[in-house]
Amino acid sequence: MLQELHVRNLALIEKADVYFGEGLNIMTGETGAGKSIIIGSVNLALGQKASREMIRSGAEYAYIELVFSVDERQQKALAELDIFPDEEGTLIITRKIMPARSVSRINDETATAAKLKAVTARLIDIHGQHEHQSLLHVSRHLEILDLYTKSTVAELKKKVSEEYQKYRTFKAELDESGGDQESRRREADFLGFEIEEIESADLKEGEEEELSDLYRKYTHGQKIRESLSIAYEAVETETVGRALREVGEAASYDPQVGDIRDQLCDAEAILNDIHHAIGAYLDEMVFDEEDLMRTEKRLDEIRRIQSKYGTTVEKVREALSEKRQRLEQLEHFDEYRKQCEENYQKSEKHLDELCGRLSAERRKAAVLLAEQIENSLKDLNFLEVSFRMEVRRLDHYTANGYDEAEFLISTNPGEPEKPLGAVASGGELSRIMLAIKTVLADSDAVDTLIFDEIDTGISGRTAQKVSEKLAIISGSRQVICITHLPQIAAMADCHYEIAKSADSGKTTTRIRLLDEDEITTELARLLGGVQITDSVLQNAREMKQLADKTKAEVRRKN
């Protein structure tokens, strides 16, 4: 579960430290107080795109830290990603947002966005504002079904994807093997010309570098001779020899000078060797204009071939191999075409078989998923609801099989089931998404669910039903929820107030855990608005007492 949230210098938040509890964590506050910034900070920590404008005015950077308590089951899942919490099962995710870049870390180790997403998918599920609108996109329905079935069909989906890639390759080869006889003849002639050109060039590894060095030597021969001639004169040993004689005489009077004499002796020998080496090089140094032209011509040939067929000798050889293979295919076209057809048909048959198995699993799971969602919807005050998932076959294959799926719903007896977009309102979509999240959480065992304003478009009896559903869900996992409705807020196990204040010309958002009396006052505000009378306070106390009683009952039953 998510134990702690620490935010520094993010938007209106200068500093916020939230210690979440088990069960249902409710956050309330006036409109514009910054409630969504709290959930937004969690999203940012989990890898959502960040902009420099999010950094609080006057601050150098924004910082977010999430502290998770990870149980044994989750530790095993994280170990597959090479992520290991500490001995107490604590996992810390941080993100530092700076003007030019941001850095994410998992337990002090830098993490990529992909790894961060993979890790957090096992820890937390966030339902943001207006996410329920995604239910209007049919493609999302198949994603939900696959999330529901991922533990049973993951390996099958992997096989489908792999076979689909083979299928596409074989199909492309078959398509390319078409064309008339004349075009194949022209292609074969051109391939023959290219193969002969590459083979005649006879490129060798390291030849270009060797010839480049030789060409540089030839083109700078005069400068080399001039420089070595000056050096030849500079290392003349006559002066060193005279110094050696004088030092030798001094050493005959003072043994301490012997070391200097020995060093001079070594220097004379080294300079003599260098002198002879330079002389020998100059004697052998011959610059032939024909050698220069041959070297230049060969370099031009190598570079021309590489510019046409590959930037390195290895790539040119690969191109040669591919052209030989293609020429052989053209020369034995009938056999090649037949092999392409066999490969394509075999792959298509195997892919169709795999897709059929995947589709069958999906269809079975769709019945169970729709049944569970329907039951969950009835708990959310859809009294006469009928909910079904239709799995249809596409007219083509994809890396995800050949299925498309769609949720169908009827909210009134006797009416046929229709697509969600034709039936459901915004508030109904919100409840449907809550039902789906509940079912997916049960199947995926995600420990922490976050709902940002799940109460959109609902009130009254429906709000009460939603609050009871949240109470049930939070009985077995942690739920964090932002709400405007007192019916939902009253169900809280931990209730936090988010408030905005102005201090020294700066606006700041703060969050704090409420005690029992403060919870009553906040519920009264949600019930009564600006004026909180004694009767409103009494209503708030009664609502909280009733909510606690209801919460205990529904959790006991479930």
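The values are calculated or read from the model by the stated rules, or taken from the named source; none is laboratory data. Here the structure is a predicted model, which means the values were calculated and not measured. Quick reminder, even Gly has a Cβ in these numbers, built from the backbone with ideal geometry, and neighbours come from all protein chains shown. Accessible surface is based on the protein model in full, side chains and every heavy atom, while ligands, DNA and RNA are left aside. Shrake-Rupley method; radii C 1.70, N 1.55, O 1.52, S 1.80 Å.
If we scan region 70-89, do we find a residue that is in contact with a His (Cβ under 6 Å, 6 or more places away or on another chain) and acidic (Asp, Glu)?
Step one: filter region 70-89 for residues in contact with a His (Cβ under 6 Å, 6 or more places away or on another chain), giving none.
Checked region 70-89: no residue is in contact with a His (Cβ under 6 Å, 6 or more places away or on another chain) and acidic (Asp, Glu).
For region 456-501, give me each residue that is among the small types (Gly, Ala, Ser), farther than 24 Å from Tyr19 by Cα and open to solvent by 10 Å² or more (accessible area, probe 1.4 Å).
Gly457, Ser459, Gly460
If Ala33 satisfies every condition in (1) exposed (fewer than 15 other Cβ atoms within 10 Å of the Cβ); (2) part of a loop (DSSP other than H, G, I, E, B) but one, which is the exception?
Going through the list (1) exposed (fewer than 15 other Cβ atoms within 10 Å of the Cβ); (2) part of a loop (DSSP other than H, G, I, E, B), Ala33 breaks only (1).
Restricting the search to region 172-216, which residues are basic (Lys, Arg) and open to solvent by 80 Å² or more (accessible area, probe 1.4 Å)?
Selection gives Arg185, Arg186, Lys204, Arg216.
Are there any strands (runs of 3 or more DSSP E) wholly within region 445-518 with 2 or more residues that are farther than 23 Å from Leu429 by Cα, and if so which?
On the way: elements: 448-452, 478-482, 494-503, 506-513.
Strands (runs of 3 or more DSSP E) meeting the threshold: 494-503, 506-513.
Grab the strands (runs of 3 or more DSSP E) fully contained in region 38-106, keeping just those with 3 or more residues being touching a helix residue (DSSP H, G or I) at 6+ places or on another chain (Cβ under 7 Å), open to solvent by 50 Å² or more (accessible area, probe 1.4 Å) and free of Cβ contacts under 8 Å to residues at least 40 places away in the same chain.
Answer list for region 38-106: none.
Looking at this structure, is Arg556 open to solvent by 50 Å² or more (accessible area, probe 1.4 Å), part of a helix (DSSP H, G or I), more than 20 Å from Gly460 (Cβ to Cβ) and touching a helix residue (DSSP H, G or I) at 6+ places or on another chain (Cβ under 9 Å)? Don't jump to the end; show me each part of the working.
Values: open to solvent by 50 Å² or more (accessible area, probe 1.4 Å): yes; part of a helix (DSSP H, G or I): yes; more than 20 Å from Gly460 (Cβ to Cβ): yes; touching a helix residue (DSSP H, G or I) at 6+ places or on another chain (Cβ under 9 Å): no.
No.
What do you reckon, is Ile270 of a type in the set (Val, Ile, Thr), free of Cβ contacts under 8 Å to residues at least 24 places away in the same chain, in a helix (DSSP H, G or I) and open to solvent by 50 Å² or more (accessible area, probe 1.4 Å)?
Details: of a type in the set (Val, Ile, Thr): yes; free of Cβ contacts under 8 Å to residues at least 24 places away in the same chain: yes; in a helix (DSSP H, G or I): yes; open to solvent by 50 Å² or more (accessible area, probe 1.4 Å): yes.
The answer is yes for Ile270.
Regarding region 419-428, can at least one residue be identified that is at pLDDT 85 or above, surrounded by fewer than 18 Cβ atoms within 10 Å (Cβ to Cβ) and not in a helix (DSSP H, G or I)?
Within region 419-428, one or more residues are at pLDDT 85 or above, surrounded by fewer than 18 Cβ atoms within 10 Å (Cβ to Cβ) and not in a helix (DSSP H, G or I).
Kindly indicate which of Tyr344, Tyr281 is assigned to a helix (DSSP H, G or I), open to solvent by 30 Å² or more (accessible area, probe 1.4 Å), out of contact with any Asp or Glu (no Cβ under 8 Å at 6 or more places or on another chain) and of a type in the set (Phe, Trp, Tyr).
After ruling out the rest, the residue left standing is Tyr281.
For the condition over 25 Å from Arg357 (Cβ atoms) and open to solvent by less than 10 Å² (accessible area, probe 1.4 Å), what is the one hit in Leu434, Leu383?
Among Leu434, Leu383, only Leu434 is over 25 Å from Arg357 (Cβ atoms) and open to solvent by less than 10 Å² (accessible area, probe 1.4 Å).
How many of the residues making up region 530-553 are closer than 16 Å to Glu497 by Cβ and outside any helix (DSSP H, G or I)?
Here the count works out to 1.
Identify all residues within region 107-139 that are surrounded by 17 or more Cβ atoms within 10 Å (Cβ to Cβ) and basic (Lys, Arg); write none if there are none.
Lys115, Arg122, listed by residue number.
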